[in-house]
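Novice: Structure provided below as structure tokens; questions to follow.
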Amino acid sequence: MKNQVVLTGETLTIEEVVAVARNNAKIVVQNTVIKRIQANWDAIAVMLDRGDVMYGLNTGIGGFGNVKISKDKAGDLSTRMLRAHSSGYGNPVDEETARATLLLRLNVFAKGYSGLRPKLFLTFVEMLNRGVTPVFYEKGSVGTSGDLAPLSQMGLVVIGEGQAYYKGKMLPGDVAMQKAGIPVVPLAYREGLAIMNGSQFMTAIAALNIYDCERLIKQLEIVCSMTIDVLNCVESAYSKEYNEVRPFKGQNDTASNIRRLIAGSELMGQPKKNVQNAYSLRSVPQVSGAARDALDYIRRITAIEMNSVADNPIFFTKEKVCRTGANFHGAPIGYTQDLLGIVITDLGNISERQTNNLMDPACSKDLPAFLVNSAGLDSGLMISQYTQAALVSENKILASPASVDSIPVSGNQEDHVSFGTIAARKAREIIQNTEAVIAIQLLATCQAYEFRKPLKPSPTFQTVYKLVRSVSPAITEDRAFYKDIEALVPLIRNFIVLDVTEKTIGKLL
């Protein structure tokens, strides 16, 4: 992971967002970016002097867009609108998402179309580099005119208002800035709207979601391969010959991973109990592979949005003109994050069904019900599967798309909104639920192996089994299984299962 990120406005990657958001990588800004921002600011001064009417600069905004504001009041307009738009609600956004949001807004500024001073831009850069992270609330964005409420609250800190995280504490914005040695910056004309009018909150969540989902899918394939191994499934469903005649990249990558993950298993060498297995077991390449292909599309769209001028109005330096439109609209993120939520929900579905194949003797053929010997006296993992069922059912509700909805705001001036931020937030919750679903499947798979000993599973299974048993001992009688679930979820959430697997057999596709 990088320890510094060069901000150009053109080349920011999801991995760099993660490096800044989670690992506190430093931001580096080259002089060409500062010159570009300064030239854009100078062009605005020319436009003002010749009397151009520019939305949000010398007019009100939204329903007040036709109200003209004098130049001497334009700086006051910036400050007042920033305060008024700081009208969100709910829990504070976690620090890593807040850092990602600020980084993405800075990447827009770096492109040199947003109309702000280099001084303000560099102050925000210093905030990221010195660990002053604005606090803003998770709810209140309709995802058009950008993420107005959260980005406005984010911007309060630069003028010494609002709140900020600093060295593990939540402090008043002016106190955090003072402790970090960063002077606050009173806003000039346009700068209030420049801070707030973009899609960067939803895009920040989307970028982190994509990074996590790419690794979650690989871990699902690891846990699925372990279930396939312990149930001694029919290998032809994962064979190269079978899958390559349907040449989807994702499907064939998944099938290749499964072949590597089950290689070397003594369990798989035993006589088969089925001619073919349940859909949830034999269709992993098709389902997980389709999820991979969808995620490739989602990543591509999100990368474009991350490096776009998601703003309004836009100031063209060379032509010295101001153009208005709707480049803040969150439809690209809304649509793709709804798709991501649907995809991950279905992966949770297949995980729960595989767990059922382990729990039900009618499916497994020879494993004890709920994976305990003392049936009746002990319930085993019966209720852990209930938890899976609850989570996957909740995901199905959350997977209902947000982006098909809209509600008019601002006196019908803003009469079509994206709800992209809600789509991204819902997808985030679906991911977290699915991490627990897969963790419960992992718990059940390792317990199922207790009834297969002394035969050995694949080397990958043995490695992951050892990891699981380091935090969750074999089940010999009932105990409070929430503790086991709590111990296993971080192994998925923090990609530890993936890490130990790739140390065993190398990088997965």
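Novice: Does T504 qualify as being assigned to a helix (DSSP H, G or I) and open to solvent by 20 Å² or more (accessible area, probe 1.4 Å)? Before you say what the answer is, go through the steps one by one.
Specialist: On the way: assigned to a helix (DSSP H, G or I): yes; open to solvent by 20 Å² or more (accessible area, probe 1.4 Å): yes.
In short, yes.
Novice: Tell me the residue from A21, A25, A39 that is modelled with pLDDT of 90 or more, surrounded by fewer than 16 Cβ atoms within 10 Å (Cβ to Cβ) and either among the aliphatic types (A, V, I, L, M) or farther than 22 Å from R323 by Cα (or both), please.
Specialist: Numbers: A21 fails: surrounded by fewer than 16 Cβ atoms within 10 Å (Cβ to Cβ); A25 fails: surrounded by fewer than 16 Cβ atoms within 10 Å (Cβ to Cβ).
Answer to the selection: A39.
Novice: Provide a single number: the residues in region 383-405 that are surrounded by fewer than 15 Cβ atoms within 10 Å (Cβ to Cβ), of a type in the set (G, A, S) and farther than 24 Å from L442 by Cα.
Specialist: The qualifying residues number 1.
Novice: Now a separate question. Please go through region 205-254 and pick out each residue that is touching a residue at least 24 places away in the same chain (Cβ under 8 Å) and of a type in the set (F, W, Y).
Specialist: Y211, Y238, F248
Novice: Given the structure, is R299 open to solvent by 40 Å² or more (accessible area, probe 1.4 Å), part of a helix (DSSP H, G or I), under 22 Å from N252 (Cβ atoms) and of a type in the set (D, E, K, R)? Step through it out loud before you land on a result.
Specialist: Working: open to solvent by 40 Å² or more (accessible area, probe 1.4 Å): yes; part of a helix (DSSP H, G or I): yes; under 22 Å from N252 (Cβ atoms): yes; of a type in the set (D, E, K, R): yes.
In short, yes.
Novice: Could you list, in sequence order, the residues of region 314-358 that are closer than 16 Å to T445 by Cβ and either at pLDDT below 95 or open to solvent by 60 Å² or more (accessible area, probe 1.4 Å) (or both)?
Specialist: The answer is R353, and nothing else.
Novice: Now, a different point. Among (1) over 30 Å from N197 (Cβ atoms); (2) in contact with a His (Cβ under 9 Å, 6 or more places away or on another chain); (3) not aromatic (F, W, Y), which single condition is M359 missing?
Specialist: M359 satisfies all of (1) over 30 Å from N197 (Cβ atoms); (2) in contact with a His (Cβ under 9 Å, 6 or more places away or on another chain); (3) not aromatic (F, W, Y) except (2).
Novice: Do we have L151 as of a type in the set (A, V, I, L, M), modelled with pLDDT under 95 and closer than 21 Å to L116 by Cα here?
Specialist: Working: of a type in the set (A, V, I, L, M): yes; modelled with pLDDT under 95: no; closer than 21 Å to L116 by Cα: yes.
Criteria not met by L151.
Novice: Of the residues that make up region 418-436, is at least one among the polar types (S, T, N, Q) and over 15 Å from T345 (Cα atoms)? Spell out how you get there, then give the answer.
Specialist: Here is the first cut: in region 418-436, the residues among the polar types (S, T, N, Q) are 418, 421, 432-434.
Then drop every residue that is not over 15 Å from T345 (Cα atoms), which leaves 418, 421.
Yes.
Novice: For region 153-162, which positions are without any contact (Cβ under 8 Å) to a residue 40 or more places away in the chain and in contact with a strand residue (DSSP E or B) (Cβ under 6 Å, 6 or more places away or on another chain)?
Specialist: V157 - this is the single residue of region 153-162 that is without any contact (Cβ under 8 Å) to a residue 40 or more places away in the chain and in contact with a strand residue (DSSP E or B) (Cβ under 6 Å, 6 or more places away or on another chain).
Novice: Need pairs with beta-carbon distance below 6 Å; first residue among the aromatic types (F, W, Y) and within region 101-127, second in a loop (DSSP other than H, G, I, E, B) and modelled with pLDDT of 95 or more; sequence gap 6+ or separate chains.
Specialist: Y113/V309
Novice: Can you name every residue in region 180-231 that is surrounded by 24 or more Cβ atoms within 10 Å (Cβ to Cβ) and in a loop (DSSP other than H, G, I, E, B)?
Specialist: Passing the criteria: L187, Y189, R190, N197, G198, S199, L231.
Novice: Name the pairs whose Cβ atoms lie under 8 Å apart, with the first residue in region 1-15 and free of Cβ contacts under 8 Å to residues at least 60 places away in the same chain and open to solvent by 10 Å² or more (accessible area, probe 1.4 Å), the second part of a loop (DSSP other than H, G, I, E, B) and not aromatic (F, W, Y), and 6 or more positions between them or separate chains?
Specialist: So the pair list comes out as M1/A25; K2/A25; N3/A25; Q4/A25; V6/Q30.
Novice: If a residue has to be open to solvent by 20 Å² or more (accessible area, probe 1.4 Å), out of contact with any Phe, Trp or Tyr (no Cβ under 8 Å at 6 or more places or on another chain) and within 28 Å of N307 (Cα to Cα) to count, how many in region 54-67 make the cut?
Specialist: Residues flagged as open to solvent by 20 Å² or more (accessible area, probe 1.4 Å), out of contact with any Phe, Trp or Tyr (no Cβ under 8 Å at 6 or more places or on another chain) and within 28 Å of N307 (Cα to Cα) within region 54-67 amount to 1.
Novice: So is D499 open to solvent by 40 Å² or more (accessible area, probe 1.4 Å) and without any contact (Cβ under 8 Å) to a residue 12 or more places away in the chain or not? Don't jump to the end; show me each part of the working.
Specialist: Working: open to solvent by 40 Å² or more (accessible area, probe 1.4 Å): yes; without any contact (Cβ under 8 Å) to a residue 12 or more places away in the chain: yes.
Criteria met by D499.
Novice: Exactly one condition in (1) in contact (Cβ under 8 Å) with a residue 24 or more places away in the chain; (2) closer than 22 Å to D212 by Cβ is not met by S400; state its number.
Specialist: The number of the failed condition is (1).
Novice: If a residue must be under 38 Å from the mean Cα position of the chain (by Cα) and open to solvent by 30 Å² or more (accessible area, probe 1.4 Å), how many such residues does region 362-382 contain?
Specialist: We begin by selecting, within region 362-382, every residue under 38 Å from the mean Cα position of the chain (by Cα); these are 363-364, 367, 369-372, 379-382.
Next, only the ones that are open to solvent by 30 Å² or more (accessible area, probe 1.4 Å) stay: 363, 369-370, 379, 382.
So the count comes out to 5.
Novice: Let me ask another. Under the condition of being surrounded by 15 or more Cβ atoms within 10 Å (Cβ to Cβ) and polar (S, T, N, Q), which residue from region 68-116 is nearest to the chain's Cα centre (by Cα)?
Specialist: Filtering region 68-116 for residues that are surrounded by 15 or more Cβ atoms within 10 Å (Cβ to Cβ) and polar (S, T, N, Q), the one nearest to the chain's Cα centre (by Cα) comes out as T97.
Novice: Tell me which residues, restricted to region 226-264, are small (G, A, S) and in contact with a Phe, Trp or Tyr (Cβ under 7 Å, 6 or more places away or on another chain). Spell out how you get there, then give the answer.
Specialist: Of the residues in region 226-264, the ones small (G, A, S) are 236-237, 239, 250, 255-256, 263-264.
Matches in region 226-264: S236, A255.
Novice: Among the candidates V53, V6, which residue alone is assigned to a strand (DSSP E or B) and over 25 Å from T421 (Cα atoms)? Full working, then the answer.
Specialist: Details: V53 fails: assigned to a strand (DSSP E or B).
Criteria check complete, one pass: V6.
Novice: Let me confirm something: among S265, S280, S256, S351, which residue is in a loop (DSSP other than H, G, I, E, B) and under 30 Å from K507 (Cβ atoms)?
Specialist: Values: S280 fails: in a loop (DSSP other than H, G, I, E, B); S256 fails: in a loop (DSSP other than H, G, I, E, B); S351 fails: in a loop (DSSP other than H, G, I, E, B).
Only one candidate qualifies: S265.
Novice: Then there is this: Can S458 be described as touching a residue at least 12 places away in the same chain (Cβ under 8 Å), touching a Ser or Thr at 6+ places or on another chain (Cβ under 7 Å) and of a type in the set (S, T, Y)? Give the derivation first.
Specialist: Numbers: touching a residue at least 12 places away in the same chain (Cβ under 8 Å): yes; touching a Ser or Thr at 6+ places or on another chain (Cβ under 7 Å): yes; of a type in the set (S, T, Y): yes.
Yes, satisfied.
Novice: Let me ask you something else. Quick test of your reading of the structure: I34 fulfils all but one of (1) in contact (Cβ under 8 Å) with a residue 60 or more places away in the chain; (2) part of a loop (DSSP other than H, G, I, E, B); (3) open to solvent by 30 Å² or more (accessible area, probe 1.4 Å); (4) not acidic (D, E). Name the failing condition by number.
Specialist: (2)
Novice: Quick check, is N274 among the polar types (S, T, N, Q) and buried (at least 20 other Cβ atoms within 10 Å of the Cβ)? Before you say what the answer is, go through the steps one by one.
Specialist: Numbers: among the polar types (S, T, N, Q): yes; buried (at least 20 other Cβ atoms within 10 Å of the Cβ): no.
Criteria not met by N274.
Here is a yes/no grid of residues against (1) part of a helix (DSSP H, G or I); (2) among the charged types (D, E, K, R); (3) more than 21 Å from I27 (Cβ to Cβ):
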position	(1), (2), (3)
V142	no, no, yes
S152	yes, no, yes
V157	yes, no, no
M170	no, no, yes
V175	yes, no, yes
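The values are calculated or read from the model by the stated rules, or taken from the named source; none is laboratory data. Predicted, not measured: the structure shown is a model, and the values here were computed from it. All Cβ positions, even for glycine, are placed from backbone atoms using ideal geometry, and neighbour counts span all protein chains on display. When the accessible area is computed, the model is the full protein with side chains, heavy atoms only, and any ligands, DNA or RNA have been set aside. Shrake-Rupley method; radii C 1.70, N 1.55, O 1.52, S 1.80 Å.
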